[in-house]
Amino acid sequence: MDWNALQLVLAVARAGTLSAASRRLSIDQTTVSRRLKALEADLGTALFSRIDGSLLPTETGERTIAAAENMEATAASLQEGLSGSLKSCEGRVRLTAVPILMNHLLIPGLAALLAKHPKLQLETIAETGNLSLNRRETDLAMRFARPQKDAGLCRRLANISYALYGAAAKGQGSDALITYEETHAHLPQARWMSKQVEKHSVAQLRVNDAESALVAVRAGLGQSLLPEKIALNDPSLRRVTDGSAVLSREVWLLVHPEVRQLPRVQVVIDWLDKLFE
């Protein structure tokens, strides 16, 4: 088994389909399929099972992926050590966060970081799902609530308070609540709004993401709980609830332990700390 074969296994595991893996590897899908079958024939066992159109690792596949990830990390560290990049802040860092944090807090604050470190290559991934640190789908992840698994190294980054907001111009926006559809009904802000709907209101619109709720409120479609750190600086919004915040949510920062000490990762972590001070 050679390293190229293991890279193919990692690409298939992270992409989930042969077509997506072929795009990652910049080779055609037929070649990916042929090489994977050849590897499985050499090993005498299947590495993936096809379920509902996706390729999911078998038990042997999981062990192979884990070994390949260790080799990948070792190779990356060796390459960085030989190139001298361990002493400089250059190279790629992948950062994931939910869209509302990525679009309204992180990206607007990036100019100073990128200007200070021109060789840094930051990949921002606005994603409501949780990308895996263990599978090296991301280096850093910001998540609401403390993770229960796939946590890597984690610590609380901030508390973000929420209040009810509507469109800035009184009388021009709907008083209906914009809440969340059932797969996101477990979210604290969704539970709070559901209680209000049960008491005295209606919910004409349900979304699956706070970014969508923000856009809907701006459009005058109703009112919704939004992070105050974002909404307070938005002239198109007005705070509906008086007094203290309705609720608060913890934001946790996760980092893969094998990249934690790399300078390029550390400067991004330091930047996040300052951003949320």
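Points worth noting:
- Net +/- balance of residues flanking A158 in space, Cβ distance below 11 Å, scoring K and R +1, D and E -1: +1
- Contact order normalised by residue count of the chain, Cα under 8 Å, 6+ apart, percent: 20 percent
- Rolling a 1.4 Å probe over the heavy atoms of the protein chains gives the chain an accessible area of 52 Å² per residue.
- Number of Lys-Lys pairs in the chain with C-alpha atoms under 16 Å apart and a separation of 8 or more places or on different chains: 4.
- Ellipticity at 222 nm from helices only: DSSP H runs of n ≥ 4 in the chain, each -39500 (n - 2.57), divided by the residue count, give -12000 deg cm²/dmol.
- Long-range amide H partners of W252 with built H, under 5 Å: R143, F144, A145, L157
- Charged-residue dipole, Cβ positions (Lys, Arg, Asp, Glu), the chain about Cα centre, Debye nearest 20: 400 debye
- Working note: Karplus 6.51/-1.76/1.60 with θ = phi - 60° gives the range 59-65 the couplings 4, 5, x, 4, 5, 5, 4 Hz, where Gly and Pro are set to x.
- Rounded to the nearest 20, the size of the Cβ-charge dipole of the range 188-273 about its Cα centre is 300 debye, with Lys and Arg at +1 and Asp and Glu at -1.
- Normalised contact order of the range 174-266, rounded percent, pairs of Cα under 8 Å and 6 or more residues apart: 29 percent
- Antiparallel bridges, percent of DSSP beta bridges restricted to the chain (to nearest 5): 65 percent
- Residue by residue, the range 51-57 carries 3J(HN,Hα) couplings of 10, 6, x, 10, 9, 10, x Hz when phi is fed to the Karplus relation 6.51 cos²θ - 1.76 cosθ + 1.60 (θ = phi - 60°); x denotes Gly or Pro.
- Nonlocal amide H pairs with L122, under 5 Å, H built at 1.01 Å: V93
- Taking amide H positions as modeled 1.01 Å from N, with prolines and chain starts lacking one, the residues under 5 Å from I178 and 5 or more places away or on another chain are Q223, S224.
- A DSSP coil position with no more than 14 other Cβ atoms inside 10 Å describes the following trypsin sites (Lys or Arg not before Pro) in the range 212-277: R260.
The values are calculated or read from the model by the stated rules, or taken from the named source; none is laboratory data. Only a predicted model underlies this, so the values are computations on that prediction, with no experimental measurement involved. Backbone-built Cβ (ideal geometry, glycine too); neighbour counts: all protein chains shown. Remember, those area values only see protein heavy atoms, side chains included, never the ligands or the DNA or RNA. Shrake-Rupley method; radii C 1.70, N 1.55, O 1.52, S 1.80 Å.
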